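For reference, the structure discussed in these notes is given below.
The values are calculated or read from the model by the stated rules, or taken from the named source; none is laboratory data. All figures in this text were calculated on a predicted structure; none of them were measured in a lab. Because the Cβ atoms are built from the backbone with ideal geometry, glycine has one as well, and the counts that use them run over all protein chains shown. Accessible surface areas use protein heavy atoms only, side chains included; no ligands, DNA or RNA. Shrake-Rupley method; radii C 1.70, N 1.55, O 1.52, S 1.80 Å.
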Amino acid sequence: MTAKMVNALILIALLALAGCSGDTPETVAAAPQSSVVKPAMPVTVNPAEEFVASGPIVVENQLDLAAQRDGVMTEVLVDTGSAVHQGQLLGKLDDRQLTADRDAAKAQAESIQADLKNWEATVKMAQVDLDRSEKMWKADLITKEQLDHDRFKLTATQYEYDREQKNYSRSLDVAKSLDLELEKTRVVAPFSGVIARRYVRSGQRVANGEKLFWVSATSPLRVKFTLPGKYAGSVRQGSRFEVLAAEGPREPHNARVILVSPVIDPASGTIDVTAELTGNTGSLRPGMIANLRLADGQ
């Protein structure tokens, strides 16, 4: 074998080896592209967004007690912070003149009542006289003029009795009116609660309508607030929320919705809600601002 033939065989072998090495990478690279499948990305659900509403803590019963007539305060029996119960006497106006007028009116009514009984007896006597005169007239024992006299006498007596009856009724009305005026001199608590403010002092002259005391109930405590309109379908009577004071101790309290506005305010896109606190209200007081923690979609 010549040298040229040996060289030719070596060249052919090298080319064959080069072709085999070039096919191998293509086969290896194609395998992962055709057999490996990428996994799907997991879906992450975000927790509900928290929404905090705020509003004042109020009570249903809270008002200023005003004087119902002119007068001088003779007694002031409570002060700011005093706990009171319904019907408790808080203060008094001078009632001496009214008491005297009332007593006089009752005495007059009693006098008229006695006169009324006297006229009632007189009417009965006039009726008896007329019955007797009618019998005597039928028996031709008296004249027609005597019979007419007794008839007119009964009529006149009946008129006097009716007039005295009206006088008696009027005197009772006067006494009742004075009793009502006397009641106006007594300042009483309209409901149980606490004296939030005292405006008057003993001896002070007050006018009709002038403020005397600010009385506030202490329970049940309620929170009035607004919510976005999207809560209109989910917040209803009985829904429960957590309440915390905006300032002061961060004690959580429970509240139950008792009123939800049936309409959405078109100007603000909100609904009015009232919730009543349940259980121990701790340090919460009327007038404080409270935050209500709500979960979006509740």
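Within the accessible area of region 83-146, the carbon and sulfur atoms contribute 50%, probe 1.4 Å, all protein chains present. Think of a 1.4 Å ball rolled over the protein heavy atoms: region 143-225 then has 59 Å² of accessible area per residue.
Pairs with C-alpha atoms separated by more than 23 Å, drawn from the list LYS117/LYS144; LYS176/LYS211; LYS184/LYS211; LYS153/LYS176, are LYS117/LYS144; LYS176/LYS211; LYS153/LYS176.
Sparse packing (at most 16 other Cβ atoms within 10 Å of the Cβ) combined with a DSSP loop state is found for the following GluC sites (Glu not before Pro) in region 191-248: GLU210, GLU247.
Filter the trypsin sites (Lys or Arg not before Pro) in region 185-228 down to the DSSP loop ones having no more than 10 other Cβ atoms within 10 Å, then list what survives. Within region 185-228, the qualifying trypsin sites (Lys or Arg not before Pro) (loop, at most 10 other Cβ atoms within 10 Å) are ARG201.
A 1.4 Å probe run over the protein chains yields, for region 243-298, 53 Å² of accessible area per residue, whole-number rounding. Each of ARG197 and THR99 was given a label point 7 Å from its Cα along the Cα-to-Cβ line. The distance between the two points is 3.3 nm.
Taking the Cα atoms of region 72-114, the ratio Rg/Rh between the radius of gyration and the Kirkwood radius comes to 1.26.
Each eigenvalue of the Cα gyration tensor of region 140-206, multiplied by 5 and square-rooted, gives one semi-axis; in descending order these are 61, 11, 5 Å.
Round to the nearest 0.05 the FRET efficiency obtained for MET125 and HIS149 when R0 = 22 Å and r is the Cβ-Cβ distance. List each step's numbers first, then the result.
On the way: r = 14 Å, r/R0 = 0.65.
Once the sixth-power term is evaluated, E becomes 0.95.
Ranked highest first by the average count of other Cβ atoms within 10 Å around their residues, in what order do 164-171, 249-256 fall?
Most protected by this proxy first, the peptides run 164-171, 249-256.
Our estimate of slack between GLU242 and ASN118, defined as 0.36 nm per intervening residue step minus the Cα-Cα distance, is 37.1 nm. What separates the Cα centres of region 195-230 and region 95-137 is a distance of 51 Å. If you take the alpha carbon atoms of region 63-166 and fit the smallest convex hull around them, that volume is 156 Å³ per residue.
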